[in-house]
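**Q** Please find one structure pasted underneath; my questions will follow.
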Amino acid sequence: MQAGSAPWVEVLSGLGEKGPACIRLWTGRALWVLDVGAGPEATSPFEPHWLEGAARVFITHDHVDHIGGAAHAIAAGLPIHCTAQTARALPPGAALHPLPEAGQVTVDGVCVTTGRNGHALGGVWLHFALGEGLFFSGDWSEESTWFAFDPPLEAGTALIDASYHLDDVPQAARLAALDRVLDDLEGCQLLFPVPPSGRAGELALHLMRRGDLSLDDTCRQALRRALDSGGLNGRAADLAPLLTGAFDPAARFLICDTPNADAGMAWQMVQGWRDAGRLGRDAVVVFTGHMTAHARAIAAQGGRFLRWNVHPPLSDQIAMVRRLGARRFAPLFCSQPEDYLLEPRFEAALLLNERCAL
């Protein structure tokens, strides 16, 4: 790569799979890496060679498939650009360069704009003023009653969260489906495994109207930090009374870390229910996000899957590309991006596994 050559972007991982997010951006002067994910499946590690030649790293949010390889960037001594909240999840020793949750900074002569992504505490989308503009959504949602979302700047190239592929079911329909299941499972105790900095808060806001609810220590701590951050939607304050006191494992609704119940209090509850012969009888695990093999095994024994939208449905993906005025886009984090060739409402060219000039 010759200094002074035109900027380009290339997806190293995350296009054609629900796998680690990692993107390489050439600014014309230096190579930057956007997100350093691992997983979510155990068979999808971060590959250290993705950092070869990189001058710095940008991380959109603290979920493992976007931050899980950060230790390699730290070991390489690379500057890491992320928000203060996301930095809390970094291993020790990071050369941290804070990003605003909504604002602009200049990095090596490039204007970088951020906005809250509606998906995770401290999570942001990224806009780089290079060529016709590059927008990288990381993960995003505009349907959250917990997290705030900031509209982005226009960009000629858009790398968007397409985790739900061509699914176009809105959150209102998801909530109605959940309520029907809650009615059907009256008398059962329900465990909702979650990422504490993700859907825990808005799920709690919904469930607290339906019955006795308790959050584990990890989730309560994360939600207290969220309420103190000032970066949430207005309804978030309604949750404050639930964030005092100890975790009650006998409550009807339990919201616990981790999202696939493979660690933390969620795994402890599953083990306890299984040992007591309750799993799948009067105790049910309800998964609401991407399920790993571990989660699918639990669901087969005593669980349900009810999607809670934390990524954009198809209509929001289309609206985003139009809002950006993008001439080209890549649908990230879904297994069959070529299917987007069948969707005529995208008024932009589809990017599939090629380096793209900005």
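The values are calculated or read from the model by the stated rules, or taken from the named source; none is laboratory data. Note that the coordinates shown come from a computational prediction; the quantities given were computed from them, not determined experimentally. Don't worry about glycine lacking a Cβ; one is built from the backbone with ideal geometry, like all the others, and counts go over all protein chains shown. Surface areas here come from the heavy atoms of the whole protein model, side chains and all, with no ligands, DNA or RNA. Shrake-Rupley method; radii C 1.70, N 1.55, O 1.52, S 1.80 Å.
**Q** For region 157-172, which residues satisfy the criterion of being open to solvent by 10 Å² or more (accessible area, probe 1.4 Å) and either over 21 Å from the mean Cα position of the chain (by Cα) or under 30 Å from Leu351 (Cα atoms) (or both)? Give the derivation first.
**A** First, the residues of region 157-172 that are open to solvent by 10 Å² or more (accessible area, probe 1.4 Å): 163-172.
Answer for region 157-172, where residues must be open to solvent by 10 Å² or more (accessible area, probe 1.4 Å) and either over 21 Å from the mean Cα position of the chain (by Cα) or under 30 Å from Leu351 (Cα atoms) (or both): Ser163, Tyr164, His165, Leu166, Asp167, Asp168, Val169, Pro170, Gln171.
**Q** Follow-up. Among the residues of region 114-160, how many are part of a loop (DSSP other than H, G, I, E, B) and either touching a residue at least 24 places away in the same chain (Cβ under 8 Å) or closer than 16 Å to Met320 by Cβ (or both)? It would help to see each step written out before you state the result.
**A** The first filter runs over region 114-160 and keeps only residues part of a loop (DSSP other than H, G, I, E, B), leaving 118-123, 129-133, 137-146, 148, 150-156.
Next cut, either touching a residue at least 24 places away in the same chain (Cβ under 8 Å) or closer than 16 Å to Met320 by Cβ (or both) only: 118-123, 130-133, 137-146, 148, 150-156.
Within region 114-160, residues that are part of a loop (DSSP other than H, G, I, E, B) and either touching a residue at least 24 places away in the same chain (Cβ under 8 Å) or closer than 16 Å to Met320 by Cβ (or both) number 28.
**Q** Report yes if Glu186 is open to solvent by less than 10 Å² (accessible area, probe 1.4 Å) and either free of Cβ contacts under 8 Å to residues at least 24 places away in the same chain or of a type in the set (D, E, K, R) (or both), otherwise no. Before you say what the answer is, go through the steps one by one.
**A** Values: open to solvent by less than 10 Å² (accessible area, probe 1.4 Å): no; either free of Cβ contacts under 8 Å to residues at least 24 places away in the same chain or of a type in the set (D, E, K, R) (or both): yes.
Judged against the criteria, Glu186 is not a match.
**Q** Tell me which strands (runs of 3 or more DSSP E) are completely within region 48-107 and hold 2 or more residues being more than 19 Å from Ser141 (Cα to Cα) and more than 20 Å from the chain's Cα centre (by Cα), or say none if there are none. Explain how you work it out, then say what you get.
**A** Values: elements: 54-58, 79-82, 95-98, 103-107.
In region 48-107, 54-58, 95-98, 103-107 are the strands (runs of 3 or more DSSP E) which contain 2 or more residues that are more than 19 Å from Ser141 (Cα to Cα) and more than 20 Å from the chain's Cα centre (by Cα).
**Q** Looking only at residues in region 285-301 that are open to solvent by 10 Å² or more (accessible area, probe 1.4 Å) and in contact with a helix residue (DSSP H, G or I) (Cβ under 8 Å, 6 or more places away or on another chain), which one is farthest from Asp167 (Cα to Cα)?
**A** Once the filter is applied, the top-ranked residue is Gln301.
**Q** Restricting attention to region 205-261, which residues are β-branched (Val, Ile, Thr), within 19 Å of the chain's Cα centre (by Cα) and either within 15 Å of Trp146 (Cα to Cα) or open to solvent by 60 Å² or more (accessible area, probe 1.4 Å) (or both)?
**A** Of the residues in region 205-261, the ones β-branched (Val, Ile, Thr) are 218, 244, 255, 258.
Then keep just the ones that are within 19 Å of the chain's Cα centre (by Cα); that gives 218, 255, 258.
Listed by number, the list holds a single entry, Thr218.
**Q** Can I ask one more? Quick check: is even one residue across region 309-327 part of a loop (DSSP other than H, G, I, E, B), open to solvent by 40 Å² or more (accessible area, probe 1.4 Å) and hydrophobic (A, V, I, L, M, F, W, C)? Break it down into steps so the answer makes sense when it comes.
**A** If we filter region 309-327 for residues that are part of a loop (DSSP other than H, G, I, E, B), which is where we start, we get 309-313, 325-327.
Filter once more, keeping what is open to solvent by 40 Å² or more (accessible area, probe 1.4 Å): 325, 327.
Of the ones still in play, those that are also hydrophobic (A, V, I, L, M, F, W, C) are none.
No, that holds for no residue.
**Q** Under the condition of being touching a residue at least 60 places away in the same chain (Cβ under 8 Å) and assigned to a strand (DSSP E or B), which residue from region 1-38 is surrounded by the fewest Cβ atoms within 10 Å (Cβ to Cβ)? Full working, then the answer.
**A** Applying the first criterion (touching a residue at least 60 places away in the same chain (Cβ under 8 Å)) to region 1-38 yields 6-11, 14-19, 21, 23, 25, 27-30, 34-35.
Then drop every residue that is not assigned to a strand (DSSP E or B), which leaves 8-11, 23, 25, 34.
Working: Trp8: 20, Val9: 24, Glu10: 16, Val11: 23, Ile23: 25, Leu25: 24, Leu34: 25.
Here the answer is Glu10.
**Q** Moving on to the next point. Working only within region 31-51, note down all residues that are charged (D, E, K, R) and in contact with a strand residue (DSSP E or B) (Cβ under 9 Å, 6 or more places away or on another chain). I'd like the intermediate steps shown before the answer.
**A** We begin by selecting, within region 31-51, every residue charged (D, E, K, R); these are 35, 41, 47.
Passing the criteria: Asp35, Glu47.
**Q** In addition: Tell me yes or no: at least one residue of region 126-140 is among the hydroxyl-bearing types (Ser, Thr, Tyr) and open to solvent by less than 30 Å² (accessible area, probe 1.4 Å).
**A** yes
**Q** Only one residue in Asp108, Asp150, Asp139 is on the phi > 0 side of the Ramachandran plot and of a type in the set (D, E, K, R), so which one is that? Can you show your working first?
**A** Details: Asp150 fails: on the phi > 0 side of the Ramachandran plot; Asp139 fails: on the phi > 0 side of the Ramachandran plot.
On inspection, the qualifying residue turns out to be Asp108.
Residues checked against (1) touching a His at 6+ places or on another chain (Cβ under 9 Å); (2) in a helix (DSSP H, G or I); (3) without any contact (Cβ under 8 Å) to a residue 40 or more places away in the chain:
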{"position": "Gly245", "(1), (2), (3)": "no, no, yes"}
{"position": "Pro249", "(1), (2), (3)": "no, no, yes"}
{"position": "Leu254", "(1), (2), (3)": "no, no, no"}
{"position": "Asp262", "(1), (2), (3)": "yes, no, yes"}
{"position": "Ala266", "(1), (2), (3)": "no, yes, no"}
{"position": "His294", "(1), (2), (3)": "no, yes, yes"}
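**Q** Just to be sure I understand the filter: pairs with C-beta atoms under 6 Å, separated by 6 or more residues or on different chains, first member in region 161-182 and touching a residue at least 60 places away in the same chain (Cβ under 8 Å) and over 16 Å from Glu142 (Cα atoms), second member part of a helix (DSSP H, G or I) and open to solvent by less than 30 Å² (accessible area, probe 1.4 Å). Which pairs pass?
**A** Leu166/Leu314
**Q** Can I ask one more? List, please: which pairs have Cβ atoms under 6 Å, are six or more places apart or on different chains, and start with a residue in region 73-97 that is at negative phi and open to solvent by 30 Å² or more (accessible area, probe 1.4 Å) and end with one that is part of a strand (DSSP E or B) and at pLDDT 95 or above?
**A** Ala84/Pro98; Ala94/Ile80; Ala95/Pro79; Leu96/Ile80; His97/Pro79; His97/His81
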